[in-house]
Every structure is written in C-alpha cells, then in structure tokens.
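Take a look at the structure set out below.
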Amino acid sequence: MKWRQKKVEKRTVLFVDDDEIVLQSLERGLLDESYNKLFVKSCKEALEILQREEVHVIVTDMRMPEMNGLELLRTVRKDYPHIIGMVLSGYEQDATLQTAVDQREIFRLIPKPWKFGGVDFEKLVRNAIDHYNLQSKRGRSGGRKNESSLKPNELQQSRFWQKLGLFGFDRH
C-alpha cells in the first residue's frame, strides 16, 4: 500500500470549473488527498497550465462559457494524449457525453451534484490516477500506442493483433 501512495503523490490533477464555489468545494473536499491539485476557472487557463505544468488527470465541468468540458478534453488530447479526462455534469443522460464515454474519449462521467464520501468522488479521481499509471507502464513496456489514445476501430484491431500474437502470429 505504501508504494501506491508514493505513485499518487507524484501525480497532478487539474480541476476546471467556471463556478468559483464548486472549485472551493473541490479544494476543501480533497484537502486530505496526497496528489497535487490545481484549480482553474476557465478552459483557457487550463490550456495555459498545461504548457507550464505536467498534468496527469483533468476533471472538468461540462457546461462552461467559452468551451464545454468535452471540447476542452478533445483539444487537450491532440497535444497530450496521455492525460486522463473526466467530466462533471448535471446532465447524465446527455447522448454526446455517453458516446464519449463509450468511445473512451473520457475516462468517467461524474454526475452532479456529488457528495464527498457519497459517490466517493475521491475514489473516482484516484481510479483515474491508477489508470494513468497503468497506461504509462504499458507505454514504457511495449512501445506501442496506449489503448486510451486509439480510436475505437484501431483499438479493436490492436486487441485483435495482441491476441494473435499470443498464438505466435506476427502482424508483419
């Protein structure tokens, strides 16, 4: 268990929400979490942070004035495909968001309102960090693209060739 704590402490989570009260609530609720936490009020600020800081997970509100959270994560993915994205939304039944989850564009959809200790918000963020760690480990050990950066048809083909490789078949 101590090893996991060390890995978590090295990671940085960026929280993006245009509502100052939500950001303050997140900051207070996550005070005891050991990972680094950054809080910004706009997508523009988030993109600026990414140019200066190493970020591993982004938790963003869906509805914001200049760009929605899904657009932010899609923009981020172009330059930072390793970053794990999560969306906070009061619209759980949104088809666009559900499609994004199904196609692995976002790691998790977190319904609003949430409760610390209720939906176990803290655990969802830690799961995203664990997913990042696993993805990083795979990237170092195989030299192939990370699954979360593959499009659905590429992912299917990748898994197909991985399975064939188990039986001695080579793609080339």
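Nothing in this text is a laboratory measurement; each read-out follows from the coordinates by a stated rule. Source: prediction; values computed, not measured. Cβ sites come from the backbone with ideal geometry, for glycine too, and all protein chains shown count toward neighbours.
Tabulated data for the structure shown
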quantity	calculated
Pick from the range 31-65, criterion touching a helix residue (DSSP H, G or I) at 6+ places or on another chain (Cβ under 9 Å) and β-branched (V, I, T), ranking: farthest from F15 (Cα to Cα)	V55
Filter result (touching a residue at least 24 places away in the same chain (Cβ under 8 Å), more than 13 Å from L14 (Cα to Cα), surrounded by 12 or more Cβ atoms within 10 Å (Cβ to Cβ) and not aliphatic (A, V, I, L, M)) within the range 66-89	E71, R74, T75, R77, Y80, P81, H82, S89
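Condition check ((1) surrounded by fewer than 19 Cβ atoms within 10 Å (Cβ to Cβ); (2) free of Cβ contacts under 8 Å to residues at least 12 places away in the same chain; (3) in contact with a Leu (Cβ under 6 Å, 6 or more places away or on another chain); (4) of a type in the set (S, T, Y)) across all residues:
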| site | (1), (2), (3), (4) |
| --- | --- |
| D17 | no, no, yes, no |
| E33 | yes, no, no, no |
| L38 | yes, no, yes, no |
| E45 | yes, no, no, no |
| Q51 | yes, yes, no, no |
| T99 | yes, yes, no, yes |
